[in-house]
Amino acid sequence: MTTIFSHQHFLDHVTGTHPESPQRLTSIHDTLNSAGWLKSCRQGEVAKVTLDELAVVHTAKQITDARDLAAAGGGFLDPDTALSPASYDVALTAAGTAIAAVDTVMSGADANALCLIRPPGHHATADRSMGFCVFNNVAVAARHAQKKHGANRILIVDWDVHHGNGTQDIFYEDPSVFFYSIHRFPFYPGTGDEGEQGSGKGRGTTLNVPVQFGVKRDQYLDLFQSGLERAVTAARPDLILISAGFDAHVDDPVGNLGLNSIDFATMTKSVKDVANTYCNGRIVSCLEGGYHLKALADSVAAHIGVLAEPRP
Ligand SMILES: [Zn+2]
């Protein structure tokens, strides 16, 4: 089954007129509630990341900059990344919830987990908050899985329409975390060329599949599947983390790579199949982008519909 992590506190990150809005979670919540998923799935307890856990990924300056800006009433960490007074605390809770989800899955309490968290994380590098992201939630979760649970090899699958430059950067020289991203290219943030494959000991443990605007859905899904097979064969993961952005949806006002909601079910099924083969079904999925309120909610519902299916 699936454990869902959600909480009202994630609405307290108030961004003004901004696509990464609290209404995204309200829309997801309403749709999951009316479809019965909030009743049928186990509910996880959100938690705050400790500063020690955060410091494994992020510099002290990046952490204190976010803390101080929020404490001063809010403002902008970069031109895209707005903070309100509660945003630092909410960002700590987003990263801590990804950790709690790792604990749920690595302990065997549930096969997989979905974190309905914000702010998103995959653009945040080790020393820079950017692109709506304050701290890198999946990177913090990966490090926790290694330190606390002895997960030797982790695969991060990032299907957000944007390249996960922050996650790539954090693990670029680290062979213990394989980063696989499929994304629109050329596009924000500009990285993610297929020539970016990791360096040093991490050479070959980054896989980028750049996709041009105008791609057909079946072509995209074929590219996703073949990339996933390459990634999982190389990574042989103990745990799979998904940077689950839904902004490749055809209705998305920010991303739009032509996908329909049902395509996220197809991709989830693919990830679930390889997770069953390699790591006893262990998946932790963390919300990243997705900015059309209805398309986002329908896509998340499609994602859960597959995550929550009992294992055959
Ligand atoms: Zn995105």
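For the range 53-66, what does the Karplus curve 6.51 cos²θ - 1.76 cosθ + 1.60, with θ = phi - 60°, yield as ³J(HN,Hα) per residue in whole Hz, taken in order and with x for Gly and Pro?
5, 5, 6, 5, 10, 10, 6, 4, 5, 4, 5, 6, 4, 5
Give me a comma-separated list of calculated 3J(HN,Hα) values for the range 214-223, in order, Karplus coefficients 6.51, -1.76, 1.60 applied at θ = phi - 60°, integers in Hz, x for any Gly or Pro.
x, 4, 7, 4, 5, 5, 4, 5, 5, 5
For the range 109-125, in order, what is each residue's ³J(HN,Hα) by Karplus, 6.51 cos²θ - 1.76 cosθ + 1.60 with θ = phi - 60°, in whole Hz (x at glycine and Pro)?
Residue by residue, the range 109-125 yields 5, 8, 6, 8, 8, 10, 9, 8, 10, 7, x, x, x, 6, 8, 6, 8 Hz.
With a 10 Å Cβ neighbour count serving as the proxy for reagent exposure, in which order, fewest first, do 229, 20 appear?
On the way: 229 12, 20 21.
With the fewest neighbours first, 229, 20 line up as 229, 20.
Amide H of residue 2: which non-local residues (sequence gap of 5 or more, or other chain) have their own amide H closer than 5 Å, using H built in the peptide plane?
Those qualifying (amide H under 5 Å, at least 5 residues apart or on another chain) are 42.
Treating the beta-carbon of each Lys and Arg as +1 and of each Asp and Glu as -1, no other charges, what is the dipole magnitude of the range 2-307 about its Cα centre, to the nearest 20 debye?
The dipole magnitude comes to about 640 debye.
If each residue's Cβ is checked for other Cβ atoms within 10 Å, how do 213, 246, 187, 135 rank with the fewest at the top?
213, 187, 135, 246
Does anything in the range 72-106 have its amide N under 13 Å from the 7 Å Cα→Cβ label point of residue 26, and if so which residues?
From the range 72-106, the list is empty.
Filter the cross-link list 147/294; 201/269; 216/272; 39/148; 61/147; 148/294 down to pairs whose alpha-carbon distance in this structure exceeds 28 Å.
147/294; 201/269; 39/148; 148/294
Could you give the length gained on full extension between residue 17 and residue 147, defined as 0.36 nm per residue of separation minus the Cα-Cα distance, in nm?
Roughly 42.9 nm would be gained on extension.
Restricting to the range 2-307, what percent of DSSP beta bridges are antiparallel, rounded to 5?
If we restrict to bridges inside the range 2-307, about 10 percent are antiparallel.
Can you sort 41, 115 from fewest to most other Cβ atoms within 10 Å of each residue's own Cβ? List each step's numbers first, then the result.
Working: 41 19, 115 30.
The fewest-first ordering by Cβ neighbours comes to 41, 115.
Non-local amide H neighbours of residue 245 (under 5 Å, H modeled in plane, Pro and chain starts lacking H): which ones?
So residue 245 has HN proximity to 159, 160, 288, 289.
What ranking, highest mean first, results for peptides 73-79, 47-53 when packing means the other Cβ atoms within 10 Å averaged over each residue?
Most protected by this proxy first, the peptides run 47-53, 73-79.
Would you mind calculating the gained length between residue 9 and residue 126 on full extension (0.36 nm times residue separation, minus the Cα-Cα distance), in nm to one decimal?
Between residue 9 and residue 126, full extension yields 39.6 nm more.
Under a point spin-label approximation (7 Å from Cα along Cα-to-Cβ), what is the residue 230-residue 35 distance to one decimal in nm?
3.1
A short reminder: the numbers here are calculations on the coordinates, not readings from a lab. If you're wondering where the values come from, they're calculated on a predicted model, not measured in any experiment. Cβ coordinates were reconstructed from backbone atoms using ideal geometry, including for glycine residues, and neighbour counts include every protein chain displayed.
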